[in-house]
Each structure stands twice: as C-alpha cells, then as structure tokens.
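The values are calculated or read from the model by the stated rules, or taken from the named source; none is laboratory data. Bear in mind the structure is a predicted one, so any value in this text is a computation, not a measurement. The area values use the complete protein model at the heavy-atom level, side chains included, leaving out ligands, DNA and RNA. Shrake-Rupley method; radii C 1.70, N 1.55, O 1.52, S 1.80 Å.
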Amino acid sequence: MLRDHFHPPLSEQRFWHAFHNAWATHIADDLTQRLPPGWFASPNVQFGIEIDVATFEEAIASADAERALNAEDTWTPRQPTMTVEYPITTDIVQVDVYSSDGGPMLVGAIELVSPSNKDREEHRDAFVSKCDAYLREGIGLVVVDIVTNRSADLHQDLLERVAPESNLRETSRIYAAAYRAAVHKDIASLDIWHEPLSIGGILPKMPLYLRGGPLVPVDLEATYELTCRGQRIVG
C-alpha cells in the first residue's frame, strides 16, 4: 500500500531521501536475483549536487616539488569563448542494469523521481533529456513518481519530447511508467506502459525490457513493502 512520504504525518517521521535510497537498493537486489548470469543491477543514488563554478586546486606538497615545475610544464588555457547555462540532473535515484559481457554495459534503468526533478523547469528538462537519451540508445526504462508535493508530470513532458505530434495525454500526479524502444513492421517505435498511482493503492509490477536481453518484471509493491518494513513504517 503506497504511503504519502511527502506530507505529514509520515514526512515528519522519516526522511523521504533515506526511503528512496533504501528502496533503490531493494529493487536492485530483487532484479539481480531475477537476472540470468552475466547481468546485474546496481543502485545509483546522488542527492543535492549543486555546481556553479567548480574550481579544483592541488596544493604543492613541498618546495622541492615547486622547483621541479618549470615554465614548460605549466599551461593555462585562455578564457572560454562562451559560457551558457546547462542544467544537469542534480538528484539521481536510479537502479542501473548492466550486461557484463565484454565489460559492464548499461542495458536498463529505473528512475525514482525526486522532488528536485519536478520543482523547476530546468530540472524537469534535464530529467526528461536524460530519459530521452536512454530511449534513443535502446536502453529499457522505468520511471516511478510517488512525489506528492510537486504537481509536474515528467511522463507527459517526456511524451511531448519524443512524440510531439502524437497528442498523447496520460496525465497523472503520481504514476509508474515503462518504455521500450522497438521496431514494429520496420518502423522504429516506442512502446509505453503507464499506470496511475494513488495513496493507499497497490503498486504495480512494471516491465523492464533490457537492451539486447530479456524482459525483467520490476515488482514495485514487494520491494516497496520490504523497504517499509526495514524502516519500520507502519500504517
């Protein structure tokens, strides 16, 4: 049963980001058990990365090291010819699935939406751009949005990006969605599964189609309840 992690009373009892972190880990563990040999899932969680101008300076360890540097070894580039705004996805809560044949290769991704992904236009655009890039590479994708304190619909934004002339409308405040890039009758297509969610409702099982590999079910309800039990969330 889906709880509201972004409003009282639960938001005052547990940190949503800690829950998302734990949920991503349980999803990854569950997928790894389902995957055939040579495939594995790994959680990837990053919060609160804010970059304005990043400067890195390495201190010189000693006077001897400083003397060892001469004019030929040091080079400073001229000022950039252009600086433009380039928003990046600052909050990342995802499960990546890899095929290890010939070295780990990303074949599937599960994105757990955070409030930051939905709060500003540039953040929403960065999230949608990342999802679009996955799909254009044939990477299987599942997006899960249980964020109730933001009203943006990233699924609808993604549909408008990948199919602007289709007039597809599947708006829902919270939802789970799965996407598969495929070829049907020699036509490149995008298969879409969209499941509206509701507080108090049961989370669905979603299809994750791995690039060059099998279909893997993502059992959101089982992993969600396992996470709730682990964090002692009741009711």
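Surface listing: I92, I187, I27 arranged by accessible area from highest to lowest gives I187, I92, I27, probe 1.4 Å. Here region 143-186 has 44 percent of its accessible surface on carbon and sulfur atoms, given a 1.4 Å probe and all protein chains in place. Solvent-accessible surface of region 107-201, averaged per residue with a 1.4 angstrom probe and all protein chains in place: 45 square angstrom.
The separation of region 111-182 from region 1-46, counted between C-alpha centres, amounts to 18 Å. With θ taken as phi - 60° and the Karplus curve 6.51 cos²θ - 1.76 cosθ + 1.60 applied, the whole-hertz 3J(HN,Hα) list for region 229-235 is 5, x, 9, 6, 9, 10, x Hz, x standing for glycine and proline. The largest accessible area among E195, E12 belongs to the first residue in E12, E195, and the rest follow in falling order (1.4 Å probe, all chains). Ligands, DNA and RNA excluded, the heavy atoms of M1 present near 80 Å² of accessible surface to a 1.4 Å solvent probe.
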